[in-house]
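Encoded as structure tokens, the structure appears first; notes follow it.
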Amino acid sequence: MVDGDEVVIDVKGLVRKYHSTTGILHQKKKETVAVNNIDFQVRRGELFGLLGPNGAGKTTTIKVLTTLLLPTSGSVKILGHDVVKESMEVRKRIGLILGGERGLYYRITARQNLRYFADIYGVPMSIRDKRIEEVLERVNLLDKADTRVEDYSRGMKQRLHIAKGIIHDPELIFMDELTIGLDPEAARDARDMTKELVAEGKTILLTTHYMYEADELCDRIGVIARGKIVALDTPKGLKSLVKDTSVIEVEGFGITEKDLDSLKALDGVRTVTANMNEDKQTMRVQVGDPVSLLPKVTHLLEDRKVIGMKVKEPTLEDAYLWLVREDA
Amino acid sequence: MPRLRATVASFRHQAAMFLAEPQWLIPNIIAPFVLAMVVLMLYREPSPEAVLYAVLGGGMMGMWGNTLYASGFSIQSDRWWGTVDAIFSAPSPLIWIIGGRTIWNAFVGIVNGLFVLVAAMIIFQTPLEVADFWLFMLAFVLTLLSLAALGMLFSAAFVLTRSAQVLTNGLEFPIYVGTGSMFPIFLLPYWTHPLSYSLAPTWGIDAIRYAALPAYADGFAAGYWGDILYMSILALFYVTISIWLYKAVDHRARKTANLMRY
């Protein structure tokens with residue numbers, strides 16, 4: 001639900017480098033460019049996804065946007081405020097929701113956690129307790145509000161993470177790997193809550209590794225690889241990048257890394273991704289012309305036990321894999 | 001007022017976390033108590049005044065041990081919980097949050113100090129007959145606040161390091177000795193005196209002894225109120241430096257990205 005053209009995140013020429021040293025007597029300095037000159041804007045009411053492989057620069061970007069890190073160069077404005085010069089103004093108006101097990105005080109109850117964050121995030125005293133009740137009800141934890149967090153399931157902890165991130169009713173919410181490690185039901189709950197927040201007019205920037213999640217939730221997606229934004233479009237627009245591509249999906253046993261290399265070397269194969277479990281292997285082979293490639297793939301794997309081979313339409317994941325491939 | 005609210009909330013939060021983790025009793029109460037008792041036994045002399053001197057010093061050691069230990073871990077524990085991002089990105093400046101935690105830690109230190117005092121009085125059968133109760137209490141409370149101020153100063157440095165435990169261990173005994181908690185400062189080499197007098201609790205301990213020990217009655221007014229004045233000036237100086245340090249820490253943590261590492 002995009003509300004007009006008001007820009008709430010404005011990133012221009014953002015660069016973030018890390019410096020590290022190794023050794024004691026002969027110290028060597030190393031510079032790593034985590035984010036390399038990226039630009040993007042997010043409008044009010046938009047759900048913007050930031051996708052990329054591990055180490056691509058997503059978390060660094062979120063940390064700069066949430067004032068946890070200073071940019072090395074470039075300009076970042078959040079809700080019209082500069083993240084370097086007006087960090088306190090930015091902090092009042094944003095929420096940060098992290099995925100994963102950590103980020104909560106386990107030894108105390110959910111209510112005590114929320115009361116503490118409400119106080120340091122400046123929720124007015126007159127509405128604090130009512131707000132805590134509302135938020136707990138919203139994330140379906142009201143009946144467990146006075147249970148210690150250490151006794152919560154992983155899904156309940158994630159719901160409390162969401163409650164913590166919205167306790168001060170922020171205009172803009174950052175979600176970093178919201179559904180990581182959640183079972184399907186808990187992940188669905190988290191996605192439903194995200195949709196509700198957008199429906200209420202919140203702006204959300206989300207990072208995820210799950211393509212179906214990005215496809216389901218995001219209005220627009222920025223794909224980041226090696227510190228640069230390599231594509232920025234709607235999910236449909238990104239999928240259209242691989243519209244002239246088909247995917248041959250193969251399932252089988254005994255498929256080796258060498259087979260993957262042989263497949264990649266075939267003329268007409270664009271990318272090959274595989275899940276090489278010991279007991280079963282699955283591959284997605286992106287090709288331009290499946291009719292001519294299918295016999296070649298079959299021939300190459302004739303000594304393996306192939307239990308299924310299908311030609312499919314490309315998904316957002318295929319577009320993503322195409323964009324972040326090493327030789328791009 | 002929002003900043004003060006962050007301090008009060010952090011005080012209450014630290015209390016809840018403390019009470020929820022019984023193992024904190026070991027470093028916060030039991031270890032300083034055992035240490036103070038060992039020192040008390042070492043310094044036991046026939047003179048009741050000497051015992052009272054040692055008892056007060058023992059209480060002070062308990063307070064300092066607690067304040068130092070807890071200040072060192074005020075951010076380290078957030079690194080463990082993974083909450084440091086949320087604390088650091090809150091609209092309340094970090095110093096107000098750490099301030100609340102440090103005051104709680106100093107409060108636990110008082111409990112510990114009183115515990116040592118009472119236990120020592122029972123063990124050594126020495127009644128604590130303070131010369132002036134209200135001046136004793138004033139000196140006691142101000143010394144507590146000066147300890148909190150010193151703890152805050154140290155905690156600023158601890159925010160940036162993952163080696164807080166090493167630093168707290170290293171700083172524990174120098175302060176015991178330097179502030180005159182273990183034995184009078186005049187027994188130390190002369191060159192150490194400037195360091196001792198730059199520590200606010202040194203003046204606090206002296207003021208407490210002025211109010212408690214009848215032997216200090218000579219020159220009481222100048223001695224007691226002089227101690228209170230110097231202690232207050234130093235404590236305010238620590239707070240001022242802490243405010244500046246926390247701003248520098250905020251900038252440095254955001255520049256070097258080392259705040260979240262643990």
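The values are calculated or read from the model by the stated rules, or taken from the named source; none is laboratory data. Please read these numbers as outputs of a predicted model, since none were measured by experiment. Here Cβ is always computed from backbone atoms with ideal geometry, including for glycine, and neighbour counts include all displayed protein chains.
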Item to check | Residue that is farthest from the other protein chains (Cβ to nearest Cβ) [pool: residues in segment A:144-167 that are more than 24 Å from the chain's Cα centre (by Cα) and assigned to a helix (DSSP H, G or I)] | outcome: A:144
Checklist entry - Just for segment A:247-290: of the residues that are modelled with pLDDT of 85 or more and hydroxyl-bearing (Ser, Thr, Tyr), which one is farthest from residue A:321 (Cα to Cα)? => result A:256
Checklist entry - Is there a residue in segment A:38-56 that is within 14 Å of another protein chain (Cβ to nearest Cβ), buried (at least 21 other Cβ atoms within 10 Å of the Cβ) and not charged (D, E, K, R)? => result no
Checklist entry - Does segment B:113-134 include one or more residues that are part of a helix (DSSP H, G or I), of a type in the set (Ser, Thr, Tyr) and in contact with a Leu (Cβ under 9 Å, 6 or more places away or on another chain)? => result no
Checklist entry - Could you list, in sequence order, the residues of segment A:216-238 that are surrounded by 20 or more Cβ atoms within 10 Å (Cβ to Cβ) and out of contact with any strand residue (DSSP E or B) (no Cβ under 7 Å at 6 or more places or on another chain)? => result A:225
Checklist outcome for this item: Reported set for segment A:117-127 where residues are more than 9 Å from chain B (Cβ to nearest Cβ) and surrounded by fewer than 18 Cβ atoms within 10 Å (Cβ to Cβ) is A:124, A:126, A:127
Checklist outcome for this item: Considering residues that are of a type in the set (Phe, Trp, Tyr) and within 7 Å of chain A (Cβ to nearest Cβ), the number found within segment B:75-93 is 2
Checklist entry - Here are some conditions: (1) in contact with a strand residue (DSSP E or B) (Cβ under 8 Å, 6 or more places away or on another chain); (2) under 27 Å from residue B:94 (Cα atoms). Residue A:63 meets all but one. Which one does it not meet? => result (1)
Checklist entry - How many residues does segment A:87-112 contain that are buried (at least 24 other Cβ atoms within 10 Å of the Cβ), more than 8 Å from every other protein chain (Cβ to nearest Cβ) and assigned to a helix (DSSP H, G or I)? => result 2
Checklist entry - Between a first residue in segment B:8-23 that is facing another protein chain (nearest Cβ under 7 Å) and a second residue that is of a type in the set (Val, Ile, Thr) and not in a helix (DSSP H, G or I), which pairs have beta carbons less than 7 Å apart while being 6 or more apart in sequence or on different chains? => result B:16/A:108; B:17/A:108; B:20/A:108
Next on the checklist: Condition first: of a type in the set (Phe, Trp, Tyr), more than 19 Å from residue B:140 (Cβ to Cβ), within 14 Å of another protein chain (Cβ to nearest Cβ) and out of contact with any strand residue (DSSP E or B) (no Cβ under 7 Å at 6 or more places or on another chain). Can you find one or more residues in segment B:94-106 that meet it?
Outcome noted: yes
Next on the checklist: Checking residue A:74 against (1) assigned to a helix (DSSP H, G or I); (2) within 22 Å of residue A:13 (Cα to Cα); (3) not basic (Lys, Arg): exactly one of these is not met. Which one?
Outcome noted: (1)
Checklist entry - So which residues in segment A:227-244 are in a loop (DSSP other than H, G, I, E, B) and either in contact with a Leu (Cβ under 9 Å, 6 or more places away or on another chain) or touching a residue at least 24 places away in the same chain (Cβ under 8 Å) (or both)? => result A:227, A:241, A:242, A:243, A:244
Checklist entry - Considering segment A:9-32 alone, what residues qualify as being touching a strand residue (DSSP E or B) at 6+ places or on another chain (Cβ under 8 Å), without any contact (Cβ under 8 Å) to a residue 24 or more places away in the chain and over 17 Å from residue B:257 (Cα atoms)? => result A:27, A:28
Item to check | Evaluation of residue A:141 against (1) within 14 Å of chain B (Cβ to nearest Cβ); (2) farther than 28 Å from residue A:83 by Cα; (3) surrounded by 16 or more Cβ atoms within 10 Å (Cβ to Cβ) (one fails), failing number | outcome: (1)
Next on the checklist: Can you pull out every residue in segment A:301-328 that is more than 31 Å from the chain's Cα centre (by Cα) and surrounded by 16 or more Cβ atoms within 10 Å (Cβ to Cβ)?
Outcome noted: A:301, A:306
Checklist entry - Listed residues A:143, A:183, A:151, A:176; which is in contact with a strand residue (DSSP E or B) (Cβ under 7 Å, 6 or more places away or on another chain) and not polar (S, T, N, Q)? => result A:176
